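First the structure, in the form of structure tokens, and then the observations on it.
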Amino acid sequence: MEKQAKKSTQPLTGWGHVSQTGLRFIWIAIIGFILDQYTKYAVMDSFTLYESVQVLPFFNFTYVHNYGAAFSFLSDAGGWQRYFFTAIAAVVSCVIVWWLYHSPRSQRLLPVAFAFILGGAVGNLYDRLVHGYVIDFLHLYYETYDWPAFNIADSVIFIGAALLILDMFINNDAAPTESKESKESKESKEIKND
């Protein structure tokens with residue numbers, strides 16, 4: 001008689017469980033956060049506020065403080081926006097971590113997208129908590145048109161959002177379909193009842 005290996009019925013815990021969830025991509029968020037903070041501190045150490053250095057004919061490093069949200073939205077609202085955007089970023093970050101923890105291993109692109117968004121959200125959250133504003137320094141422009149200054153965290157969030165959109169097109173899981181086995185089971189029950 002051959003000995004059969006017993007399968008463990010106990011749920012995975014600790015790092016074994018993490019490798020089976022979306023949290024296995026948390027390293028993306030950590031790298032995004034570190035790159036964001038490293039570049040921001042490099043700019044703060046090397047530039048004076050509002051100093052601008054041309055890198056390309058359409059791109060400058062321009063050190064600014066953003067008291068608002070994306071594109072300086074509500075930057076002159078009187079101070080309450082700091083706490084509002086801090087709270088939103090904290091809640092969104094917690095929800096993303098919770099979602100990553102509960103997402104199955106079979107999902108790949110979606111947790112990667114959320115890990116990018118998490119890294120950027122935490123980078124800007126850190127700025128708001130420590131400085132009271134977000135440090136922006138990447139400035140794109142063309143002739144008289146310019147894009148508001150942004151940072152690595154914003155870029156990482158953008159990449160995550162683009163991956164979310166890509167995932168919607170690739171996986172198109174808007175309405176889950178029944179598996180072949182469940183359809184066959186339902187059909188056999190209907191036949192027995194007739």
Worksheet, complete the sentence: The correct count of residues that are open to solvent by 80 Å² or more (accessible area, probe 1.4 Å) and either modelled with pLDDT under 90 or touching a helix residue (DSSP H, G or I) at 6+ places or on another chain (Cβ under 6 Å) (or both) in segment 83-102 is 3
Worksheet entry | Close pairs (8 angstrom Cβ cut-off, 6 or more residues apart or separate chains): small (Gly, Ala, Ser) in segment 96-115, not in a helix (DSSP H, G or I) anywhere | SER103/THR21
Worksheet item: Do we have GLY79 as open to solvent by 40 Å² or more (accessible area, probe 1.4 Å), farther than 13 Å from PHE137 by Cβ and modelled with pLDDT under 70 here?
Response: no
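Test of understanding: among ALA29, ALA42, which residue is assigned to a helix (DSSP H, G or I), surrounded by fewer than 13 Cβ atoms within 10 Å (Cβ to Cβ), at pLDDT 95 or above and among the aliphatic types (A, V, I, L, M)?
Answer to the selection: ALA42.
Quick grid of which residues meet (1) out of contact with any Lys or Arg (no Cβ under 7 Å at 6 or more places or on another chain); (2) open to solvent by less than 60 Å² (accessible area, probe 1.4 Å); (3) modelled with pLDDT of 85 or more:
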| position | (1), (2), (3) |
| --- | --- |
| LYS7 | yes, no, no |
| PRO11 | yes, no, no |
| ASP36 | yes, yes, yes |
| PHE61 | yes, no, yes |
| ASN66 | yes, yes, yes |
Worksheet item: Considering only residues of segment 139-194 that are surrounded by 11 or more Cβ atoms within 10 Å (Cβ to Cβ), part of a helix (DSSP H, G or I) and of a type in the set (S, T, N, Q), which is modelled with the lowest pLDDT?
Response: SER185
Worksheet entry | segment 20-39 residues that are more than 20 Å from VAL92 (Cβ to Cβ) and polar (S, T, N, Q), paired with ones that are modelled with pLDDT of 95 or more and assigned to a helix (DSSP H, G or I) (beta carbon under 7 Å, 6 or more apart) | THR39/ILE152
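The values are calculated or read from the model by the stated rules, or taken from the named source; none is laboratory data. Note that the coordinates shown come from a computational prediction; the quantities given were computed from them, not determined experimentally. Every residue, glycine as well, gets a Cβ built from its backbone with ideal geometry; the counts of neighbours run over all protein chains shown. Just the protein is used for accessible areas: all its heavy atoms, side chains included, with ligands, DNA and RNA removed. Shrake-Rupley method; radii C 1.70, N 1.55, O 1.52, S 1.80 Å.
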